[in-house]
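Enquirer: Just passing along the structure, written as structure tokens.
The values are calculated or read from the model by the stated rules, or taken from the named source; none is laboratory data. Just so we're clear, the structure is a prediction, and the values are computed from it rather than from any experiment. All Cβ positions, glycine included, derive from the backbone under ideal geometry; neighbour counts span all protein chains shown.
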Amino acid sequence: MSDESPRKDEVLRKTVLITGASSGIGAACAEKFAIQGWNLLLTARRQDRLEALSAHLSATYGVTVNWQTLDVRRRLDVEQSLTNWQDRQIDVLINNAGLALGWGKLPDNNPDDWDTMIDTNIKGLLWMSRSVVRRMIATGQAGQIVNIGSIAGIQAYPNGAVYCASKAAVRFISDGLRQDVIEHPIRVTNIQPGFVETEFSVVRFHGDTNRAKAVYQGIKPLTGQDIADAVWYAVSAPAHVQVAEITLTATHQANATVIHRA
Ligand code: NDP
Ligand code: 8X3
């Protein structure tokens with residue numbers, strides 16, 4: 001854990017807390033917000049990645065970056081991490097940590113993969129949201145929860161039922177939370193990307209990089225930066241505007257199953 005207090009001239013800067021900041025979309029969001037002058041609270045499980053990214057962003061953009069290793073599946077650790085940062089106002093939470101594990105027909109799936117996806121994508125997002133939203137309500141501050149859902153949460157596809165279900169849950173948790181905080185100045189946004197070339201497919205195929213590359217063959221996929229731009233659009237909207245949902249796909253991807261490959 002790094003514990004750098006914001007310098008005096010920086011306390012007026014806003015702060016974003018990002019889960020899964022060690023790679024892909026989370027790391028791209030960290031850089032996007034650093035460019036915009038925000039202070040960063042970064043979490044993920046891989047310490048070396050967090051250390052390197054934090055050093056790079058604070059040196060390049062002059063913002064305060066704190067990080068903690070955190071496995072979002074561990075509820076008590078989530079609560080402790082927020083306690084460790086209780087002196088920081090969190091303006092935006094980006095619930096990005098997530099993964100797909102395995103590819104196959106549901107009866108052939110490994111139930112351990114189901115546990116990991118459900119615990120990370122649904123329960124981890126819930127633990128984080130609960131802690132941060134309760135704090136926002138207690139202080140009466142304006143805030144925003146940005147969930148990284150997926151087009152998989154709109155339409156199920158073969159061989160991915162449980163991942164799709166986990167992202168459908170993200171969609172409905174977002175919709176439900178938006179209603180439950182209606183009287184507070186708290187906005188809830190669900191970002192639903194299609195193919196984004198990150199470590200996502202390498203993780204899904206348990207480290208098989210050739211199989212992962214094939215997912216993006218013949219199509220120019222989205223990048224982590226494209227998603228970070230969409231997140232920033234939702235966060236930088238005027239205070240009276242709530243961007244409830246953004247769905248974005250590559251130009252040659254219409255939905256989860258209709259893809260044109262050159
Ligand atoms: P990456 O694999 O590149 O990044 C996933 C991030 O999640 C990593 O930083 C990883 O960090 C973190 N993570 C995974 N499990 C945990 C955990 N238990 N606790 C804390 N952090 C965890 O993939 P993406 O950047 O693509 O994925 C980010 C999000 O975007 C996910 O929710 C994914 O479902 C979603 N998404 C991805 C799409 C794509 O095509 N790539 C499309 C639509 C949505 P570490 O391993 O260090 O813990
Ligand atoms: C990731 C996008 O279509 O591979 O959520 O499921 S997809």
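Enquirer: If you go through the stretch 126-140 one residue at a time, do you hit one that is surrounded by 18 or more Cβ atoms within 10 Å (Cβ to Cβ), without any contact (Cβ under 8 Å) to a residue 24 or more places away in the chain and more than 14 Å from the chain's Cα centre (by Cα)?
Expert: So far as the stretch 126-140 goes, no, none of its residues is surrounded by 18 or more Cβ atoms within 10 Å (Cβ to Cβ), without any contact (Cβ under 8 Å) to a residue 24 or more places away in the chain and more than 14 Å from the chain's Cα centre (by Cα).
Enquirer: Something else now. Select from the stretch 221-262 the residues that are among the β-branched types (Val, Ile, Thr) and under 15 Å from the mean Cα position of the chain (by Cα) and list them in ascending order.
Expert: First pass over the stretch 221-262, keeping only residues among the β-branched types (Val, Ile, Thr): 223, 227, 231, 235, 241, 243, 246-247, 249, 251, 257-259.
Hits for the stretch 221-262 are Thr223, Ile227, Val231, Val235, Ile246, Thr247.
Enquirer: Tell me, please, whether a residue that is surrounded by fewer than 22 Cβ atoms within 10 Å (Cβ to Cβ) and out of contact with any Lys or Arg (no Cβ under 8 Å at 6 or more places or on another chain) can be found in the stretch 91-102.
Expert: The answer is no, given that none of the residues of the stretch 91-102 is surrounded by fewer than 22 Cβ atoms within 10 Å (Cβ to Cβ) and out of contact with any Lys or Arg (no Cβ under 8 Å at 6 or more places or on another chain).
Enquirer: While we're here: How many of the residues in the stretch 206-223 are in contact (Cβ under 8 Å) with a residue 24 or more places away in the chain, more than 19 Å from Asn96 (Cβ to Cβ) and surrounded by 14 or more Cβ atoms within 10 Å (Cβ to Cβ)?
Expert: The initial filter retains those residues of the stretch 206-223 that are in contact (Cβ under 8 Å) with a residue 24 or more places away in the chain, namely 206, 217-223.
Remaining after also requiring more than 19 Å from Asn96 (Cβ to Cβ): 206, 217-220.
Restricting the remaining residues to those that are surrounded by 14 or more Cβ atoms within 10 Å (Cβ to Cβ) gives 219.
Matching residues across the stretch 206-223 total 1.
Enquirer: Determine, yes or no, whether Arg187 is in contact (Cβ under 8 Å) with a residue 40 or more places away in the chain, in a strand (DSSP E or B) and more than 16 Å from ligand 2 (Cβ to nearest atom).
Expert: yes
Enquirer: I'm checking my understanding of the structure. Among residues of the stretch 42-90 that are of a type in the set (Ser, Thr, Tyr) and closer than 12 Å to Gly20 by Cα, which one is surrounded by the fewest Cβ atoms within 10 Å (Cβ to Cβ)?
Expert: Within the stretch 42-90, the match that is surrounded by the fewest Cβ atoms within 10 Å (Cβ to Cβ) is Thr69.
Enquirer: What strands (runs of 3 or more DSSP E), lying completely within the stretch 64-160, carry at least 3 residues that are among the β-branched types (Val, Ile, Thr)?
Expert: Those strands (runs of 3 or more DSSP E) span 143-148.
Enquirer: To continue, here is another question. For the stretch 35-44, does any single residue satisfy the condition of being assigned to a helix (DSSP H, G or I) and at pLDDT 95 or above? Step through it out loud before you land on a result.
Expert: Our first condition is that a residue be assigned to a helix (DSSP H, G or I); within the stretch 35-44, this holds for 35.
Now restrict to residues that are at pLDDT 95 or above: 35.
Among the residues of the stretch 35-44, at least one is assigned to a helix (DSSP H, G or I) and at pLDDT 95 or above, which makes the answer yes.
Enquirer: Tell me, please, whether a residue that is among the charged types (D, E, K, R) and under 17 Å from His252 (Cα atoms) can be found in the stretch 186-203. Reasoning before the result, please.
Expert: Here is the first cut: in the stretch 186-203, the ones among the charged types (D, E, K, R) are 187, 197, 199.
Then keep just the ones that are under 17 Å from His252 (Cα atoms); that gives 197.
Yes, because at least one residue in the stretch 186-203 is among the charged types (D, E, K, R) and under 17 Å from His252 (Cα atoms).
Enquirer: From the residues in the stretch 19-40 that are within 13 Å of Gly224 (Cα to Cα) and hydroxyl-bearing (Ser, Thr, Tyr), which one is surrounded by the most Cβ atoms within 10 Å (Cβ to Cβ)?
Expert: If we take residues in the stretch 19-40 being within 13 Å of Gly224 (Cα to Cα) and hydroxyl-bearing (Ser, Thr, Tyr), then Ser22 is surrounded by the most Cβ atoms within 10 Å (Cβ to Cβ).
Enquirer: Report every pair of residues separated by at least 6 positions or lying on different chains whose Cβ atoms are under 9 Å apart, first residue within the stretch 245-259 and more than 20 Å from Ile25 (Cα to Cα) and assigned to a strand (DSSP E or B), second among the small types (Gly, Ala, Ser) and modelled with pLDDT of 95 or more.
Expert: Ile259/Gly194; Ile259/Gly218; Ile259/Ala250
Enquirer: Which one of the conditions (1) part of a loop (DSSP other than H, G, I, E, B); (2) surrounded by 16 or more Cβ atoms within 10 Å (Cβ to Cβ) does Val203 fail to meet, given that it meets all the rest?
Expert: Looking at each condition in turn, Val203 falls short on (1).
Enquirer: Restricting attention to the stretch 160-210, and to residues there that are aliphatic (A, V, I, L, M) and away from ligand 1 (no atom under 14 Å from the Cβ), which single residue is nearest to Val231 (Cα to Cα)?
Expert: Here the residue is Val188.
Enquirer: Within the stretch 57-64, can one find any residue that is among the aliphatic types (A, V, I, L, M), under 30 Å from Trp114 (Cβ atoms) and touching a residue at least 24 places away in the same chain (Cβ under 8 Å)?
Expert: no
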